[in-house]
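Chemist: Shown below is the structure under consideration.
Here, each number is a calculation from the coordinates, and none is a lab measurement. Note that the coordinates shown come from a computational prediction; the quantities given were computed from them, not determined experimentally. Note that we place each Cβ from the backbone using ideal geometry, even for glycine, and neighbour counts take in every protein chain shown.
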Amino acid sequence: MEKMNDKLQNTAKELLENKEVNLIIGFTKGSNPLRMRSVFITDPNDVSKLSFNAHCVQDLAVFLKKPEVKKFGKIGLVVKGCDEKAVNTLIQEYQLSRDNIKIIGVECRGAVKQNLADKGEDSVKQSTVYDKCLVCEVHTPLLYDYLVESDEPAFEINGDIKPYAKIEELDAMSVEDRNMFWQKEFEKCIKCYACRQACPLCYCTRCIVEKNTPQWIETNIEETGNAQWNMIRAYHLSGRCIGCGECERACPVNIPLMLVNEKMARDVFEKFGYKSGVDINAKPVFGTFDANDFNEFIK
Amino acid sequence: MARIGVFVCWCGSNIAGTVDVKRVAEEAAKIPGVVEAVDYKYMCSDPGQNTLRKMIKDKNLTGVVLAACSPHMHENTFRKAAVKEGLNPYFIEIANIREQVSWVHEDKEKATEKAIDLLKMMVEKVKKNKAIEDVRVPLTKKALVIGGGISGIQAALDIANGGVEVILVEKEPSIGGKMIQLDETFPTLDCSSCIMTPKMVEVYQHPNIKLYTYSELEEVSGYIGNFNVKIKKKARSIVEKDCTGCGDCWNICPMHKNVKSEFNVNLSERTAIYVPFPQAVPLIPVIDRSVCLHYKKGGKCQKCYDACGPKCINFDLQDEIIEEKVGAIVAATGYDLMENSLYGEYGYGQFKDVISGLQFERLLSASGPTEGVVKRPSDGKTPETIVFIQCVGSRDPEKGVPYCSKVCCMYTAKHAKLFAHKVHGSQSYVFYIDIRATSKGYEEFVRGTMENEGAIYLRGRVSKIYEDNGKLIVKGADTLSGNQVEIAADMVVLATGVIPKKGSDKMAQMLGISYDKYGFYTESHPKLRPAESSTAGIYLAGMAQGPRDIPESVVSGSAAASKILGLFSKSEYEVEGTIASVNKTTCVGCFYCRRVCAYSAISKEEIKDRNGNVLKVVANVNSGLCAGCGACVNACFSKSIDLKGYLDEQIFAEIKSLAV
Amino acid sequence: MENNIVEDVQNARGDKEYSAGGAKDKDKEPRIIAFVCNWCTYNGADLAGTSRMKYAENVRVIKLPCTGRIDPLFVVEAFKKGAKGVLVSGCHPGDCHYTSGNYHSRRKYTAFRDLLSYLGVDINRVEFSWISASEGNKWVSVINEFTNKIKLLPDNSDIFSKK
Amino acid sequence: MEEKYYEISSDNIEKFVNNLVAQNNEVIAPKDKDGDTFYDKITDFKDADLNILLPKLSFKEYLLPKTETLFEYSISGSNINILDPLENAGADGGNSGKKSVKRIIFGSRPCDAGAGPIMEKVFNWDYKDEFFNEKFKNLYIISIACVQPDNYCFCTEAQLSPESSYGSDILLKKGGSGYYAKVITEKGLELINSTSENAGLFKEIPKEAFPADKDWKAAFDIKKTQGFLDKNFTSSYFQEKFLSCIGCGICTYTCPTCHCFDIQDEGTNEKGKRIRNWDSCQFGIFTLHTSGHNPRVTQGDRYRQRLMHKFKVYNEKFNKYLCVGCGRCSRNCPEDIDLREITSELSLMEDNITQ
């Protein structure tokens, strides 16, 4: 880790000293030894705060949507491979100019689930990392200006743990059982919208849930309002979600949101061959069409 | 507070026979906001309309709902009546209880219930309606035609003859396009230059036409009625107004070897200072700076300058940017032919005597490199046997394009016929897949080639061509007889497929019009609006839209012209006000709306503070371009864009009225 | 007086349901909301009328300019407000009056359907069709078939309505 | 009431809880739900998960439901009829609406118990909120004192303690044959004496036999935090520190004392209801004016508001901090913003300024 942190700090220092960026957003030590948090550095002398390890769970791309952060202009951002796809999508969707960001990609070997880390878990292995890490295709970010290679070996995957296994289970269920499953999950929702706020791609100035002429989503924090919110959130992220899993991690009542996001990502790939966040020049899947698109369900 | 009047039409017994109209009116009267509900025998009749007008006036209505026939029948009738009483026409809504209730249901009870529901929906909708003003856009009555081929020329002349100023921009040094390269035209065999040249001259001399040759479009902004265009006039190195076209310059130019003539499709050479062909319009030469010795050798050669009487050669001229304001644009950028080299088995480029159809045109042409005598490129001998191969690239999804190039069947038949006329006793073989000769006189023309000129048509593909002892051996299949054939030919002519002009995709992007996957511009509607592009104010003509022959190109040029003259016949361009509008406060600028807009109606607008700093970039709907389809509304995540006349709130109100 | 109010509301509220079919609705025919485009399907439905074809009364048509305007979330809204079935219909591919509205929407519906089904909504309750202005007969058969299908579906609640 | 003290064995506490359930009371206790613990209805003592420090959420929703019906209405013709929830227990059977069932929280922690009386102040300050009061009156709280607070806990600093009985009707402490019980209120006594069988499970002991509280020391002085907030509204601290705040509102939603709500109408053209829903000062839209102006435009402004409200304004008005030091906001924060760390930092900054 030392080598990684050195390179991270040197890169950040150089960028700040050369005025190539006005702000570096990276990770630093958090409130306990197994928690990391974001740090905002403007002074080259502060770069020693930067570090990276398997507890860097946050997707720092989320800060790019904050007006307070945008004001800094050129920003250097420390990102893992999954989070970097969020940067790509933001560029695709005109929320970020490529010229305004220096991507400091870090090679990530997997992030330890935060609830386990809070109980003292410190090792990276298939049973301790997030499901997204088990299906990860971007341990090295797809796009970066600087790359900080990992000193750690990749963890072993032997197939004992099936990531997102519940999706197949749900697919195999009857529609009534699926309904029961989700009703139970959404019942827990307290509509704090942390899923939205934690999502780097939920950048709307005014979320659809805040629109009341007409009221698209019932305001109640009960079965109906909750179901509508969760459904529409998932719909708006279909074909866009890059799978960083921040919504699910943020959810204080543990709704398995990634089961929906991942399902829709698989679906969009199957139907339209599109993977989000891969190419900054690609047309978003719901911003274009093909005359020969899937038509079977239409009479 | 809404004051809504409801009118339930009997339509004689058409509605009243199946729907209890009295009950519908009674139920309607109970809906909050409805001030009066009446039934009437024929609402569309004059007395019916007067009832409507009277209630609007007497009750000071804010909205009207008619339960009647389909809005496609009489919506306009009632809107006009409302306008006469000073009510905005968009406060009229129609519940369709005839076509969609009384005529399709028999159970009176259920039909009446449905009619009440439909009426309720419209009452709730009309409560949310807002006044809509139709959009009026000022018009700059001047047109731009891009491309000086036959369709562009036709469009320019028709518009100019209609009394409207036209700017014609042509990329090449002369107008004339592909048609002027042709020898004779099917099916009447008129000489192409004989019918084309007068039109070119007419363009040049027309007081309403401003011609920019050797010029390219650089930038287009604005919208229907108000386009701003920048035209790059490339430096010709000639002061045009002084040139007499005498030819002294090109006759003396020492660069007359190794520069292939584009006009003669590489079959001859041209000089560095040149006119592409003798009848060029304008008859003003241009210096090809990439080969001219003056530019290549640091100014040493200036023979043309010395020879020029009026001293109109100026080596230092620079490209010029001309800005023009126009109200409408015709895109007639034409076509190219596919690269024959894609077909290695035919030996194009490898064997000198395998040539393209357009090259053969030049060999046939009296103004061509051989002055109309058919000579083969390799040794200048007159060929006696020619094999013509059709569908080279066309209808071949594997190597070429899947579509039919439309003109090849006809021009091959023409080639065979003209060859027979020029070289007596010669023999043509034509390999074809199908013969498509569907216009007036076309079938007879092809038959004539077969029957009168003795051309042998073989249905099948050529598999290989090789050279043997000065002959081209053509191996192919005759699928009708099932035999393999082998022909020893002197020359092979390939009917290569038609593709959009190189760069037509870039042009489409500059114009903001849509194009298909090949690069052909797409029509606003393939059947009903074939002359219009997807963007209002931009019209299409000629091969740029897809393969077509000369008469069709001329028709399309005229069609575009008549559309423009129609547009310019009014003082302002008027469109229905049911268009999209953006809430710029909440718009976050993701531009999904722009991606799905088929009309390029959405642009980026910078919101600035008072010091000019950009605060954010948001979507802006150009009311002149918006067609009111609402795809953008569907694309907007934050619901910051809405469609007037079909607001989300109105749709929700309709749904809500059905709530149980 | 007070008692009357209470009774009134309790009657109106049925079995404590606000969002979907209450007791009052039980003996009613299932309601189907159809979102259709102005140019093809609406005209197709009109043609069925002018041809005096007959079909089930359950459908309530909401006219929009184009399939491209028919937001999948309208379907959700219709369910919220008690529709038992929702039909979305527009011009055939390639026939869109606005060239591509139906293509764009088709993509969205594809994903939206999968999402609905995954979240436990019986996808039999949503129907999509392309019906041109000349297909009055197709309109009739789509409506009749869909109505019959909806009638056969169990009246169980989904995530949009309260239990 | 004069406090009473008892001893009760582990077996008997189980019997007691099961009796309360059997008496048709709604008994709420920490309960495991897919690996995390939440307050939830239990039907048996064994459902209760008493080993964890704190459930993920507090039991705030039993005082201030996530969604609460204020009244219902129906419209027929031009008549609008209002249904007062006093006549009706509300659509969800009691949790909403003014009327409330008797509800017993078993096994809450002293911090959570402390939230009730703190919130009660604002709900009875000028307007008496019957909806809150009805539920508060019917809520019985049996808490269990903490032994081992974690790094995020700061109840002692927030003027409570791991063994505080503030807000509890009965406070249990582990020890003896099971638990020692301190009964603080009549409501507590009512539970114990609800049946003779229940009363028999508790053995009254003298006050001295009840274990004394440990000497919990505050790590910093919350008054100094207030002191800093008093004088430093415009401090750059807020803007810098909360750059990392994503405005998710988890801190407010999981907070036992945050009580902001938003009033909405829902329904059809014929009938509907007015409801109040939880809201959060951490949302940008919370203070957004119709004009488009937002007085709290940055997340720094919003988090400062949260600090000011909790540690300055509320105390000035009600002489109580609007915080029980449960640490949920910090534990649940996806960006690891730690309120204990912040309040402590602010108190140190106050020290530095005054010195």
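Chemist: Which residue, chosen from B:H525, B:A561, B:P551, occupies the Cα position most advanced towards the positive end of the dipole of region B:518-596, where the dipole is computed from +1 (Lys, Arg) and -1 (Asp, Glu) charges on Cβ about the Cα centre?
Modeler: Going by the Cα projections, it comes out as B:H525.
Chemist: Any idea which of B:L658, D:I8, B:Y346 is furthest toward the positive side of the dipole for the protein assembly as shown, if Lys and Arg beta-carbons carry +1 and Asp and Glu beta-carbons -1?
Modeler: Farthest towards the positive pole: B:Y346.
Chemist: Using unit Cβ charges (K, R positive; D, E negative) and no other charged atoms, how large, in debye to the nearest 20, is the dipole of the protein assembly as shown about its Cα centre?
Modeler: For this selection, approximately 2540 debye.
Chemist: Looking at chain D, identify the longest residue range that excludes and avoids all trypsin sites (Lys or Arg not before Pro) in DSSP loops having at most 14 other Cβ atoms within 10 Å.
Modeler: Maximal segment without exposed cleavage sites: D:218-355.
Chemist: Based on alpha-carbon centroids, what's the gap between region D:140-159 and region B:631-660 in Å, whole number please?
Modeler: Result: 50 Å between the Cα centres.
Chemist: Kirkwood Rh over Cα pairs of the protein assembly as shown into Stokes-Einstein at 25 °C, 0.890 mPa s: D in µm²/s?
Modeler: The Stokes-Einstein estimate is 65 µm²/s.
Chemist: Report, in debye and to the nearest 20, how large the dipole of region B:353-490 comes out about its Cα centre when Lys and Arg carry +1 and Asp and Glu carry -1 on their Cβ.
Modeler: 300 debye
Chemist: Using +1 at the Cβ of each Lys and Arg and -1 at the Cβ of each Asp and Glu in chain B, identify which of B:C404, B:L358, B:Y515 lies farthest towards the dipole's positive end.
Modeler: Projecting each Cα onto the dipole axis, the largest value belongs to B:Y515.
Chemist: With an 8 Å Cα cut-off and a minimum separation of 6 or more residues, compute the relative contact order for chain A in percent.
Modeler: That works out to 17 percent.
Chemist: Okay, next question. Quick one: D:H259, C:H104, B:H206, fewest Cβ neighbours within 10 Å first, how do they rank?
Modeler: Result, fewest neighbours first: B:H206, D:H259, C:H104.
Chemist: Right, something else. Using a 10 Å cut-off around each Cβ, can you sort D:E134, B:E99 from fewest to most neighbouring Cβ atoms?
Modeler: Taking fewest neighbouring Cβ atoms as first place, the list is D:E134, B:E99.
Chemist: When only DSSP loop residues count, what chymotrypsin sites (Phe, Trp or Tyr not before Pro) in region A:174-254 have their Cβ near at most 13 other Cβ atoms within 10 Å?
Modeler: Answer by residue number: there is no such site.
Chemist: Which residue fluctuates the most in chain D, going by a Gaussian network model with Cα springs under 10 Å, if the choices are D:T67, D:T298, D:T195?
Modeler: Answer for the Gaussian network model of chain D: D:T195.
Chemist: Another one. Report relative contact order for chain B in percent, whole number only (criteria: Cα-Cα under 8 Å, sequence separation at least 6).
Modeler: Computed value for chain B: 13 percent relative contact order.
Chemist: For region A:241-285 and region B:442-514, compute the distance between their C-alpha centroids and round to whole Å.
Modeler: Distance between centres, Cα-based: 51 Å.
Chemist: Let me ask another. Under a straight-distance cross-link criterion of Cα-Cα below 13 Å, which aspartates and glutamates are reachable from D:K41, leaving out those fewer than 8 residues away in the same chain?
Modeler: Cross-link targets: D:E26, D:D32, D:D49, D:E61.
Chemist: How far apart, in nm, are two points set 7 Å out from the Cα along the Cα-to-Cβ line at D:I285 and at C:N137?
Modeler: Rounded to a tenth, the inter-label distance reads 5.0 nm.
Chemist: While we're on this one: Greater than 29 Å separation of Cα atoms is the criterion. Which listed pairs, B:K352/B:K502; D:K46/D:K137; A:K188/D:K137; D:K137/D:K231; A:K29/D:K224; A:K19/A:K66, meet it?
Modeler: Pairs exceeding the cut-off: D:K137/D:K231.
Chemist: Got a sec? How would B:S13, C:S51, D:S143 order by Cβ neighbour count within 10 Å, fewest to most?
Modeler: Going from least to most buried by this count: B:S13, C:S51, D:S143.
Chemist: A further question on this structure: Below 25 Å, Cα to Cα, which lysines can B:K296 reach? Residues fewer than 8 away in the same chain don't count.
Modeler: B:K171, B:K232, B:K233, B:K234, B:K257, B:K260, B:K311
Chemist: Could you list, in their original order, any pairs among B:K125/C:K81; C:K84/D:K33; B:K230/B:K501 whose Cα atoms are separated by more than 22 Å?
Modeler: As for pairs spanning more than 22 Å Cα to Cα, those are C:K84/D:K33.
Chemist: Quick one, could you list the DSSP H helices from chain B stretching 15 Å or more along their long axis (Cα atoms) with average Kyte-Doolittle hydropathy of 0.0 or above?
Modeler: Long hydrophobic helices here: B:150-161, B:192-205, B:550-568.
Chemist: Would you please name the GluC sites (Glu not before Pro) within region B:564-660 that are DSSP coil residues with at most 16 other C-beta atoms within 10 Å of their C-beta?
Modeler: Listed in order of number, the matching sites are B:E576.
Chemist: Follow-up. Which shape class, rounded, prolate or oblate, goes with region A:165-287 when its Cα gyration tensor gives a ≥ b ≥ c as root eigenvalues, a/c under 1.5 marks rounded, and past that a/b bigger than b/c marks prolate?
Modeler: Since a/c reaches 1.5 but b/c is at least a/b, the shape of region A:165-287 is classed as oblate.
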